[in-house]
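For reference, the structure is listed below as structure tokens.
Throughout, read-outs are computed from the coordinates displayed, never taken from laboratory work. What you see is a predicted model; the values in this text were computed from it and never measured. With ideal geometry, Cβ positions are generated from the backbone for all residues, glycine too; neighbour counts draw on all protein chains shown.
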Amino acid sequence: MPHYFGFVPSTKLATMIDEYDELLAGDPAEYSLYPHRDAVTKQIASEIIDNLLVSLIDVIPNPERKAKMQNIVGTIQSSTDTMLGVILGKDKNKDILPSVDYLKKDTMFTDDEGQTRIGFQLSPDKAQTIIEGFEAVTPDNVDDKKFKQSLETMNHAVLHHFIGEFTDTLPLGFIKRKSVPIAQAGIKKGLDMATGKLFPQLPIDAKNRLANFYRPFIVEV
């Protein structure tokens, strides 16, 4: 069975998705789709950051390093908000249908328990790297190299799917299109910095808490 990355959306996001579905089921000539697409996109981005990064702060024992991590996460949040503010905008309904379809078909799935999740199918090699990294974390020993690689693989896959592939569906001009990889590289650097600064300071029990937090994000469907 294939493996997916996915998290359960908040009540707020789930409600926004339901409302969006109702709009899409109606007559699109009666309203503009872009405000609703933009709102759902921004909320998904916010919850990805909350799930992947904000949780990291809780496992850092040193107050000074925790503050530094908060600054890194804040920078990533700000960079993401700025990028979305640039690439999202007032588009005609016919021009945003590819991005609407992508949000519906490629950023959500239903797990075996019938729960809708925000996420996507992982390639077999990425899934294997992530799972092996989590399996390398036990109460008695942690293979730091494998575990760190698993988190970086997961983060990069999420970044590529929700930014790289999503922006390919947007009707962007030349300048905006050129700005996407620059912004994506900046966010990737922040993610790698967060992971790199985190690992050297964590004891085994904290690494186990971190692994236990992330394991439910990888599911078989």
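If you take the beta carbon distance between Val86 and Ala206 as r and set R0 to 45 Å, what does 1/(1 + (r/R0)^6) give as a FRET efficiency, to the nearest 0.05? Don't jump to the answer; show the numbers that get you there.
On the way: r = 37 Å, r/R0 = 0.82.
After rounding, the FRET efficiency stands at 0.75.
Please report Met16, Met1, Met154, Met193 as a ranked list, fewest other C-beta atoms within 10 angstrom at the top and most at the bottom. Write down the numbers at each step before the final one.
Values: Met16 18, Met1 7, Met154 23, Met193 15.
Going from sparsest to densest Cβ surroundings: Met1, Met193, Met16, Met154.
Straight distance only, please: which lysines reach the Cα of Lys90 with their own Cα at less than 24 Å, same-chain residues fewer than 8 apart left out?
Lys12, Lys42, Lys104, Lys105, Lys176, Lys178
Can you list the aspartates and glutamates whose alpha carbon is less than 20 Å from that of Lys126, not counting same-chain residues fewer than 8 positions off?
Answer for Lys126, where 20 Å is the Cα cut-off: Asp106, Asp111, Glu135, Asp143, Asp144, Glu152, Glu165, Asp192, Glu220, listed by chain and number.
Can you list the residues, at least 5 places off or on another chain, whose amide H is less than 5 Å from the amide H of Leu33, using H built in the peptide plane?
The list, which skips near neighbours in sequence, is Asn93.
Specify whether the C-alpha gyration tensor of the chain places it in the rounded, prolate or oblate class, a ≥ b ≥ c being the square roots of the eigenvalues: rounded for a/c under 1.5, otherwise prolate if a/b is larger than b/c and oblate if not. Write out the running numbers ahead of the final one.
Numbers: a/c = 2.13, a/b = 1.61, b/c = 1.33.
It comes out prolate by the Cα gyration axes.
With unit charges on the beta carbon (Lys/Arg positive, Asp/Glu negative), name the residue among Tyr214, Gly164, Gly114 whose Cα is farthest towards the positive pole of the charge dipole of the chain.
Gly164
What is the distance, in nm, between label points placed 7 Å from the Cα along the Cα-to-Cβ direction at Ala185 and at Asn71?
According to this spin-label approximation, the distance is 2.4 nm.
Cross-link partners among lysines for Lys197, C-alpha distance below 22 Å, same-chain residues fewer than 8 apart left out?
Lys66, Lys68, Lys145, Lys146, Lys148, Lys188, Lys189, Lys207
What does the helix-only formula give at 222 nm for the chain: each DSSP H stretch with n ≥ 4 adding -39500 (n - 2.57), the total divided by the residues, and the result rounded to the nearest 500 deg cm²/dmol?
Working: 9 runs with 138 residues, N = 221.
That comes out to -20500 deg cm²/dmol.
May I ask you to compute the full-extension gain from Leu24 to Lys197, defined as 0.36 nm times their residue separation minus their alpha-carbon distance, rounded to one decimal in nm? Walk me through the intermediate numbers first.
Details: separation 173, 0.36 × 173 = 62.28 nm, distance 4.36 nm.
Net length gain for the segment: 57.9 nm.
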